[in-house]
1. Of the options A:Gln303, A:Leu313, A:Leu325, report the single residue whose Cα projects farthest towards the positive end of the charge dipole of region A:274-339 (beta-carbon charges: Lys, Arg +1; Asp, Glu -1).
2. When the Karplus curve 6.51 cos²θ - 1.76 cosθ + 1.60 is applied with θ = phi - 60°, which whole-Hz ³J(HN,Hα) does each residue of region A:20-35 get, with x for Gly and Pro?
3. Run the numbers for A:Gln120 and A:Gln252: contour at 0.36 nm per residue of separation, minus the present Cα-Cα distance, in nm.
4. For a 26 Å ceiling on Cα separation, which of these pairs sit above it: A:Lys33/A:Lys188; A:Lys279/A:Lys331; A:Lys214/A:Lys248; A:Lys61/A:Lys241; A:Lys223/A:Lys339; A:Lys24/A:Lys248?
5. Pop out the ³J(HN,Hα) list for region A:65-82 in order, Karplus 6.51 cos²θ - 1.76 cosθ + 1.60 with θ = phi - 60°, rounded to Hz; leave Gly and Pro as x.
6. Among A:Ile326, A:Ile263, A:Ile198, which comes first, second and so on when ranked by fewest other beta-carbon atoms within 10 Å?
7. Is region A:167-238 best put as rounded, prolate or oblate by its Cα gyration tensor, with a ≥ b ≥ c the root eigenvalues, rounded for a/c under 1.5, and otherwise prolate when a/b is larger than b/c, oblate when not?
8. Take A:Ser180 and A:Val271, extend 7 Å from each Cα along the Cα→Cβ direction, and tell me the distance between the two endpoints in nm.
Amino acid sequence: MGPSSENQIIADRKVLTADYLPNKMVHRDSERKQIASNLEPILEGKSPIDMLVYGDPGTGKTAMSRYVIEELRKHEPQLKYAYINCFKHSTKFDIFYTLLNNLGHKMVHRQGTPTDEIVQKLEEIASKNKIVLVIDEVDQLTEDEVLYELSRFTRAGLIMIANQQTVFHDVDTRVRSRLSGRDEIRFKKYTENELNDILLDRREYGLRKNAISKQQIRKIAVKSNGDARRAINTLRIAAQKAEQKKQKEISQKQIKTAKPEAIKKQKQKTVEKLNNHQKILLEIIQNDNRISSTTLYEEYRAQTEKSKSKRTLRRYLNKMENYNLIKSYGKGKGTAYEKL
DNA sequence: AGTCCACTGGAACTTGAGGAAT
DNA sequence: ATTCCTCAAGTTCCAGTGGACT
């Protein structure tokens, strides 16, 4: 949807989404160069350096990875890349299958195809072509095997993205040694000034003139806690509110109410990824301020028809803790869960 | 300072679905 | 058709852990 003359506030909505890739990244210059120089050997047919890109949410890890790859593609259109989010795809088969598909090789069949065959196919492509693999939310991986296989593709660029630097601490030594030559790039939280610049950039391309003042932009930057995703979402939600009311400018109140909505929306997105059993668990936990493992299981069983086993619940709960929906306290006898 | 046992998480196994081969 | 594979998701089993309670 392009700009419409009827819109008073929003000129281009997609510019106001966190996933939008601007044609020039403001800030993070040293990180950009570092990623680029690690990948550059690919252009000469040499082996690139594997990378762990880590930092808090909304610090530009994924965006910068994509940006650098797009820049390189301008010089080398042959360069292809595949992106996978381990939050959505966590098993070995699923990951390699999706990576292959993203590289445009859709000949493999969904079922009845051995995983090894898919891995081999990807390895073949990786050795013959110039490719970069972006593995996002690598901390959500359940099988070390995936990292082991990926690290074998020495000709392919490998960018692994995580929140914590310690993501590889408990993978087995075999995998760790394979990844030992990796470069680690930290993305710090944005400063207020940096966020301000980012928002000004989005304003220029996404909003109409005078839709929002510099002071208001600054206010959003200050309140976003170094998180660009949150800042951009806040700007968009405020803009949409003003647009709906057919105003010419965004009001103070709309900015104020946009932030909690932006946070809430983000959480909702996570909850939507849960299955019914997981949602019931979450609901039970949210209705108590602290619930013991045993009580939680009993209540869950009371509420469900075909209840899952305790072991499965434990898996669910771990997953939800990783998603930052709940928090567990203690081990052994007194384990309890709380909402976040 | 020791026993008890609720709770954890790894590993092996089962189930069910679905494509391929016969 | 049916047999033979594969996979994801779940279950069963159990050694290990560490809090609670003596």
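1. A:Leu313
2. 5, 9, x, 7, 9, 7, 7, 6, 6, 5, 5, 5, 4, 5, 5, 5
3. Numbers: separation 132, 0.36 × 132 = 47.52 nm, distance 5.65 nm.
That pair, A:Gln120 and A:Gln252, stretches by 41.9 nm at full extension.
4. A:Lys61/A:Lys241; A:Lys24/A:Lys248
5. After applying 6.51 cos²θ - 1.76 cosθ + 1.60, I find 4, 5, 4, 4, 4, 4, 4, 5, 5, 5, 8, 9, x, 5, 4, 10, 9, 10 Hz.
6. The order, fewest Cβ neighbours first, is A:Ile263, A:Ile326, A:Ile198.
7. Since a/c reaches 1.5 and a/b is larger than b/c, the shape of region A:167-238 is classed as prolate.
8. Going by the 7 Å Cα→Cβ label model, 4.7 nm.
Every read-out reported here was derived from the displayed coordinates using simple, explicitly stated rules and does not represent laboratory data. Owing to the predicted nature of the structure, the values given are computational and were not obtained by experimental measurement. Counting neighbours? That spans all protein chains shown, and the Cβs are built from the backbone with ideal geometry, glycine included.
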